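Let me begin by presenting the structure, written as structure tokens, before commenting on it.
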Amino acid sequence: METMADATEIVKKNDFDKFQADRVIKVDEWLNRWENKQTPFHMNEAHKMLKKYVDVMLNGKDHLRILFPLCGKAVDMKWLADLGHKIVGIEVSEKAILEFFTEQSVSYSKEAVSDVPGATLFKSSDGKISIYCCSIYDVSSSFIGKFDGIWDRGSLVAISPCDRQRYSELMLSLMEDDCCYLLEAFDYDPRLHKGPPFFVPFSAIEELYGSTCNIKFLEAADMLTDRQREWGLDYFIQNIYMITLKAT
């Protein structure tokens with residue numbers, strides 16, 4: 001039975017969003033992080049949760065088109081490409097993209113993107129991996145198409161809270177009818193850390209996607225390390241969700 005204290009705690013946690021509402025991440029901040037090698041979020045192996053739930057995303061299908069928003073130099077892209085899928089990444093840092101192709105020993109070509117002035121497309125020689133170097137808000141389905149899967153690791157949790165509605169509308173516009181969108185979000189006390197990564201509770205995800213999508217909670221994992229303790233946190237929970245479009 002829920003007590004008054006439990007109910008009060010839920011209300012308090014649902015109100016946590018306001019503590020980061022005014023935090024704005026500008027492009028230069030991300031570019032500087034890559035230039036100065038301040039990227040502790042980068043993982044040198046394919047993400048454990050992606051490996052665990054990849055079959056959920058694939059749903060028995062082969063040769064999917066999979067989107068990596070704010071991809072950085074995620075090794076997950078090479079891992080999925082090696083499984084036979086077509087990968088499209090979006091990343092604002094050219095340095096991150098070049099490091100990806102170099103570190104993964106993947107040959108590539110580059111070309112201008114006619115639809116987006118100033119943008120560059122990096123494409124692996126085998127055509128399996130394409131990464132657009134531009135703002136994520138410069139892309140649209142008109143030239144990158146729609147996707148069978150989305151792996152949102154470190155993307156929604158990285159953008160400014162004030163941009164979440166714009167971001168979610170973009171993700172929805174890029175989803176095929178049967179797309180499976182795997183999302184990573186974090187639960188912690190945002191009064192103690194300004195982000196990124198940002199605190200993104202289920203209530204925020206539901207507000208962004210609930211009217212048009214089914215949202216299924218898959219798993220929570222304790223991710224607290226010394227890094228988060230240095231931020232002053234005593235808990236840091238990774239939550240994984242599966243988002244699919246509702247039947248129309």
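The values are calculated or read from the model by the stated rules, or taken from the named source; none is laboratory data. Bear in mind that the values here come from a model prediction, so they are computed numbers and not experimental data. With ideal geometry, Cβ positions are generated from the backbone for all residues, glycine too; neighbour counts draw on all protein chains shown. Keep in mind that these areas ignore ligands, DNA and RNA; they rest on the heavy atoms of the full protein, side chains included. Shrake-Rupley method; radii C 1.70, N 1.55, O 1.52, S 1.80 Å.
With 0.36 nm allotted per residue and the present C-alpha distance subtracted, the Asp55-Asp22 stretch has 8.1 nm of extension available. Identify, among Thr212, Ser107, Trp79, the residue whose Cα sits farthest towards the positive end of the charge dipole of the chain, taking +1 on the Cβ of Lys and Arg and -1 on the Cβ of Asp and Glu, with the dipole about the Cα centre. It is Ser107, whose Cα lies furthest towards the positive end. Average accessible surface for the range 129-248: 41 Å² per residue, computed with a 1.4 Å probe over protein heavy atoms with every protein chain in place. Among the GluC sites (Glu not before Pro) in the range 7-103, those placed in a DSSP loop whose Cβ has at most 13 other Cβ atoms within 10 Å are Glu45. Of the accessible area of the chain, computed with a 1.4 Å probe over protein heavy atoms only, carbon and sulfur atoms account for 49 percent. Between Gln38 and Asp163, the distance separating the two model label sites (each 7 Å from Cα on the Cα→Cβ line) works out to 1.7 nm.
Under 16 Å from a label point set 7 Å out along the Cα-to-Cβ vector of Asp178, the amide N atoms of the range 222-244 belong to 244.
Quote the relative contact order of the chain in percent (integer), defining contacts as alpha-carbon pairs under 8 Å separated by 6+ residues. For the chain, the relative contact order is 18 percent. For a test of the definition: using alpha carbon positions, the gyration tensor, and the 1.5 limit on a/c, classify the range 74-160 as rounded, prolate or oblate. Since a/c stays below 1.5, the shape of the range 74-160 is classed as rounded. The tail of the calculated P(r) for the chain beyond 23 Å holds 51 percent of all Cα-Cα pairs. Its relative contact order, with pairs defined as Cα atoms under 8 Å and 6+ residues apart, puts the range 63-166 at 32 percent.
In this Cβ point-charge picture (+1 for Lys and Arg, -1 for Asp and Glu), the chain has a dipole of about 380 debye about its Cα centre.
Taking every alpha-carbon pair within the range 131-248, the share separated by more than 19 Å comes to 48 percent. Helical content of the chain, expressed as a calculated mean residue ellipticity at 222 nm, amounts to -8500 deg cm²/dmol (DSSP H runs of 4 or more residues, -39,500 (n - 2.57) each, divided by residue number, nearest 500). Put simply, the amide H of Cys179, placed in the peptide plane, has neighbours under 5 Å in Leu245, leaving out anything fewer than 5 places away on its chain.
Backbone phi angles across the range 111-116, fed through the Karplus curve with coefficients 6.51, -1.76 and 1.60 (θ = phi - 60°), yield HN-Hα couplings of 8, 6, 9, 4, 6, 9 Hz in residue order; Gly and Pro are listed as x.
Write out the chymotrypsin sites (Phe, Trp or Tyr not before Pro) in the range 141-248 meeting two conditions: DSSP loop, and at most 16 other Cβ atoms within 10 Å of their Cβ.
Trp231, Tyr235
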